[in-house]
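The values are calculated or read from the model by the stated rules, or taken from the named source; none is laboratory data. Being a predicted model, the structure only gives us computed values, none of them experimental. Positions of Cβ are generated from backbone atoms using ideal geometry, with glycine treated the same way; all protein chains shown enter the neighbour counts.
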């Protein structure tokens, strides 16, 4: 897909099975790869959301009235089409987000895996039935909520939308999706693919916009549930507004993931895992390694980490960050830490990328002798930067990890099973790894953190998401009046 074609076409909302024109304000869409304008995004008004909700409400009786096995057939086709269009979808992620092509391809592959899980839901969401008294049966069934909304971030333009689309729709809901205004191209293409797969009009709708549309989604009287992925600050606001409007809400926020490195850790595996974790997707993922706590004599591991990191070159095997503002913010954290006495072992500030001089790049950065009170140790940097702190014992390292307001992920690198078990049990993080830099659960296990990394109950993917996207109906039946008398007669 050529960028010139995208510029001429522009991004539009997708409502009731078709693209709709927008008469209001627009925002330029800039590619982080080179800083060039590639399209424009509508900043929709409330009326666009009202139209989308009306289309979803109209579609809901027919869609929810189908059996789950009938709905799943469309998602078998959707999976086939994701495979068929994988190259195009990969390019769109690369173009609008700035990831490398390999990273973008991995993201699309994950979307396919998420769809495969949704296709298994008829075998998972089966309900229960029991004869609870003579001639009396009780039955439970999972029923859809109605019209739901999903607000997605810039860092995974294809995968995070597919955290919610397949599960929520297979379970019988109709959806309004609001993608990040920085990366709307992937979601628009997904909407077309869903229609091509046979999804009825109105079941999935896309409304582009900024804060005003997010507020409108949280307050809309006919939206029953809202999922959100983004920064902790905005996740808190969305959760408060949505629940104030008596909606269900699960809102995933930011992270400060700690990797606890013990002196017996295998050197090469540890170094390569940490390097990949801190630089993958340019560090713009809530599961990225951003803080390392070295326990005891770990200098050989740090040396090996620096060696691995120097192999990662901006514009080659390291993608861009999302915007100039993001680049300046990330580099500001590095400069501040250096001024406070931290030691820069690998400096990634202001790299030069030939042919992409206007792009937004930050090189991999390793900072040693960071103290827990520094901003870079406490706040989410969201870039290819790791801050190394030192601890004299495993207890002290766990105390540093537990001192974070976040609770997405923690990992330990060691060959000692007892030490590993300590880290599996004691850190206040929802996802824990042993000798793994990015401890993301695979389907059917669910994704979600603790503390200020998540607001609401249930997780956003896997089996746990079923409870969020459905409500439980309980039915009791008795047909034989001649049955002997009992307490349910």
Handout entry: Residues that are touching a strand residue (DSSP E or B) at 6+ places or on another chain (Cβ under 6 Å) and either in a helix (DSSP H, G or I) or surrounded by fewer than 16 Cβ atoms within 10 Å (Cβ to Cβ) (or both), drawn from the range 126-156
Key = 127, 128, 129, 130, 131, 132, 137, 138, 139, 140, 141, 143
Handout entry: Test: residue 205 is part of a loop (DSSP other than H, G, I, E, B), in the same structural domain as residue 175 (by TED's automatic domain parsing) and on the phi < 0 side of the Ramachandran plot
Key = no
Problem - Condition met for residue 399 (surrounded by 14 or more Cβ atoms within 10 Å (Cβ to Cβ), free of Cβ contacts under 8 Å to residues at least 12 places away in the same chain and not in a loop (DSSP other than H, G, I, E, B)) - result: yes
Handout entry: Enumeration of residues in the range 157-197 that are surrounded by fewer than 22 Cβ atoms within 10 Å (Cβ to Cβ) and not in a helix (DSSP H, G or I)
Key = 181, 182, 197
Exercise for the section: Determine whether the range 313-323 contains at least one residue that is more than 20 Å from residue 182 (Cβ to Cβ) and touching a strand residue (DSSP E or B) at 6+ places or on another chain (Cβ under 8 Å). Expected result: no
Problem - All positions within the range 345-370 that are in contact with a helix residue (DSSP H, G or I) (Cβ under 6 Å, 6 or more places away or on another chain) and in contact (Cβ under 8 Å) with a residue 24 or more places away in the chain - result: 345, 346, 360, 362, 364, 365, 366, 367, 370
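This table checks each residue for (1) assigned to a helix (DSSP H, G or I); (2) surrounded by 17 or more Cβ atoms within 10 Å (Cβ to Cβ); (3) modelled with pLDDT under 95.
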position	(1), (2), (3)
327	yes, yes, no
332	yes, no, no
337	yes, yes, no
345	no, yes, no
377	yes, yes, no
404	no, yes, yes
Exercise for the section: Please identify the pairs in which a residue from the range 204-225 that is free of Cβ contacts under 8 Å to residues at least 12 places away in the same chain has its Cβ atom under 9 Å from the Cβ atom of a residue that is outside any loop (DSSP other than H, G, I, E, B), counting only partners at least 6 apart or on another chain. Expected result: 211/234
Exercise for the section: Could you tell me whether any residue of the range 116-139 is within 29 Å of residue 232 (Cβ to Cβ) and touching a helix residue (DSSP H, G or I) at 6+ places or on another chain (Cβ under 9 Å)? Expected result: yes
Handout entry: Hits in the range 31-71 - residues which are within 23 Å of the chain's Cα centre (by Cα) and closer than 23 Å to residue 108 by Cα
Key = 31, 32, 33, 41
Practice task
Check off (1) in contact with a strand residue (DSSP E or B) (Cβ under 9 Å, 6 or more places away or on another chain); (2) part of a loop (DSSP other than H, G, I, E, B); (3) modelled with pLDDT of 90 or more for residue 462 and give me the number that stays unchecked.
Solution key: (1)
Exercise for the section: With the condition kept exactly as written, say whether any residue in the range 351-372 is surrounded by 19 or more Cβ atoms within 10 Å (Cβ to Cβ) and over 25 Å from residue 316 (Cβ atoms). Expected result: yes
Handout entry: Pairs, first over 20 Å from residue 100 (Cα atoms) in the range 318-333, second assigned to a helix (DSSP H, G or I), C-beta under 6 Å, six or more apart
Key = 333/376
Handout entry: Single residue of 48, 59, 118, 104 found to be assigned by TED's automatic domain parsing to the domain that holds residue 462, in contact with a strand residue (DSSP E or B) (Cβ under 8 Å, 6 or more places away or on another chain) and buried (at least 23 other Cβ atoms within 10 Å of the Cβ)
Key = 48
Practice task
Look at residue 182 and say whether it is free of Cβ contacts under 8 Å to residues at least 40 places away in the same chain and under 22 Å from the mean Cα position of the chain (by Cα).
Solution key: no
Completion exercise
Of the residues in the range 230-271, those that are without any contact (Cβ under 8 Å) to a residue 40 or more places away in the chain, assigned to a helix (DSSP H, G or I) and under 11 Å from residue 301 (Cβ atoms) come to 267, 268, 271
